[in-house]
Amino acid sequence: MSTVTHGEREVRSGSSRRRTRTRSGGASRYLVMNGATMVSIAAIAITVIGLLYLVQTAHVAQLGYDMSRLHAQRENLTMEISELEYELSRFESIQTVEGVAEAQLGMTPLTNYEFVEIQEPANRQLSLPDEERHESRSWLGRVQDALTGAGAAESETADMPEQPANEARP
């Protein structure tokens, strides 16, 4: 027969009785760790940490190389911009414009010139149409005029004086 007391278990084996203590009062469910298991777990943990460190270091190094490449590219583009600005300012100078006009376009400098005097037009004071002459139309009438093409253009042509057929229109 076996009797179970608090924290102890009585086991019969053959003719002698043996008492063993367990931590939970029942069967042992804990993994027994000896020294070799602890060393193996520590070695695996150190290996994983080392690999993570190496991956992180390689990533930082790659970012550094990328940053150096981008700085060099920026310097090259800045130099190219400076060269283009210099070329632009060189082509904007009067001497360069004159040289291109004479050499490539066959132009010559103007030596013989005259000033021409232009008279003022005879009808300097034109009368403006009266605002009151325009009849106010409803919005429906304005929409109808817009759809048919009638409207302000017809009223302006009615106010213009008749021109002789031989005169050219502007």
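Nothing in this text is a laboratory measurement; each read-out follows from the coordinates by a stated rule. Given the structure is predicted, the values throughout are model-derived calculations rather than measurements. Backbone-built Cβ (ideal geometry, glycine too); neighbour counts: all protein chains shown.
Computed values, structure above
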item: Top positive-direction residue, dipole computed over the range 29-104 with Cβ charges, set 58, 86, 48; result: 48
item: nm² value of the averaged projected area, convex hull over the Cα atoms of the range 29-104; result: 9.5
item: FRET efficiency estimate (nearest 0.05) - Cβ-Cβ, residue 111 to residue 78, R0 45 angstrom; result: 0.50
item: Distance (nanometres) between label positions extended 7 Å along Cα→Cβ at residue 60 and residue 93; result: 5.3
item: Added length on full extension, which subtracts the Cα-Cα distance from 0.36 nm per residue, residue 47 to residue 85; result: 8.0 nm
